[in-house]
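Structure record follows, encoded as structure tokens.
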Amino acid sequence: QKEVEQNSGPLSVPEGAIASLNCTYSDRGSQSFFWYRQYSGKSPELIMSIYSNGDKEDGRFTAQLNKASQYVSLLIRDSQPSDSATYLCAVYMIKAAGNKLTFGGGTRVLVKP
Amino acid sequence: ETGVTQSPTHLIKTRGQQVTLRCSSQSGHNTVSWYQQALGQGPQFIFQYYREEENGRGNFPPRFSGLQFPNYSSELNVNALELDDSALYLCASSTDGASTDTQYFGPGTRLTVL
């Protein structure tokens with residue numbers, strides 16, 4: 001089982017619709033969760049961080065965290081063609097060998113005009 | 001722009017060679033993490049340096065080694081290069097490596113091993 005799992009996609013979304021991305025993680029003790037966006041050929045850039053159960057909204061983005069279910073999601077409202085990218089879920093894990101930020105494989109999102 | 005810089009941008013090496021990649025952290029950051037990202041995959045954690053000490057390591061062999069300098073810049077060294085080492089190498093800096101700390105990524109170094 002991978003430590004952080006995401007559907008690889010592609011997730012095809014019409015312009016103006018809501019894109020819903022999901023992520024599950026294996027380490028029940030994880031406390032910090034991040035969503036990064038990565039355009040092709042570029043490095044990841046932070047969209048949102050979330051640390052507590054519930055929803056966190058920032059502009060068109062909403063992150064949702066459910067620690068009991070070990071599940072974190074990202075909603076993109078009013079999707080735009082410029083949102084077409086790979087979205088990476090990252091979980092900060094506390095390990096005996098050293099703490100580390102663990103990434104999922106990413107979900108590719110395509111927003112069609 | 002995050003203020004994290006990496007050099008070189010691209011690099012081509014042959015199997016068995018050694019390579020050094022460099023990273024300058026964002027001003028005020030004392031922690032640098034290195035990641036390897038193969039095509040179509042998420043970044044894989046290599047190791048982290050906090051105030052010049054290694055502060056965690058992923059599942060990478062000892063031929064992957066690093067350094068952090070007093071100005072908090074960092075190097076990643078890879079010896080005995082293998083074809084599978086071809087990837088995008090990312091460094092990320094953060095304030096102090098805490099769990100709530102956001103990691104800001106540099107533009108990456110694309111390494112090709114022939």
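The values are calculated or read from the model by the stated rules, or taken from the named source; none is laboratory data. This one's a predicted model, so the numbers in the text were calculated from it and none came from an experiment. Every residue, glycine as well, gets a Cβ built from its backbone with ideal geometry; the counts of neighbours run over all protein chains shown. These area figures cover heavy atoms from the full protein model, side chains too; ligands, DNA and RNA do not enter into them. Shrake-Rupley method; radii C 1.70, N 1.55, O 1.52, S 1.80 Å.
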Accessible surface of the protein assembly as shown, 1.4 Å probe, proportion on carbon and sulfur as whole %: 47 percent
Chain B - charge dipole about Cα centre, Lys and Arg +1 at Cβ, Asp and Glu -1, debye rounded to 20: 320 debye
Surrounding net charge for A:I50, when Lys and Arg each add one and Asp and Glu each subtract one, Cβ distance under 13 Å: -1
Chain A, relative contact order in percent, only Cα pairs under 8 angstrom and at least six apart counted: 37 percent
Where Cα atoms sit under 18 Å apart: lysine pairs in the protein assembly as shown separated by 8 or more or lying on different chains: 5
Positive-end extreme of charge dipole, the range B:1-68 - chosen from B:A38, B:V4, B:G66 (charges on Cβ): B:A38
Accessible area (Å², per residue) of chain B, counting only protein heavy atoms and a probe of 1.4 Å: 47 Å²
Separation of alpha-carbon centers, the range A:54-102 and the range B:43-62, rounded to whole Å: 23 Å
Chain A: most fluctuating residue of A:Y36, A:Y87, A:Y25 per GNM, C-alpha cutoff 10 Å: A:Y36
Given charges at beta-carbon only (K, R positive; D, E negative), |dipole| of chain A in Debye: 260 debye
Among A:A85, A:A96, A:A68: highest mean-square fluctuation, GNM of chain A, C-alpha pairs under 10 Å: A:A96
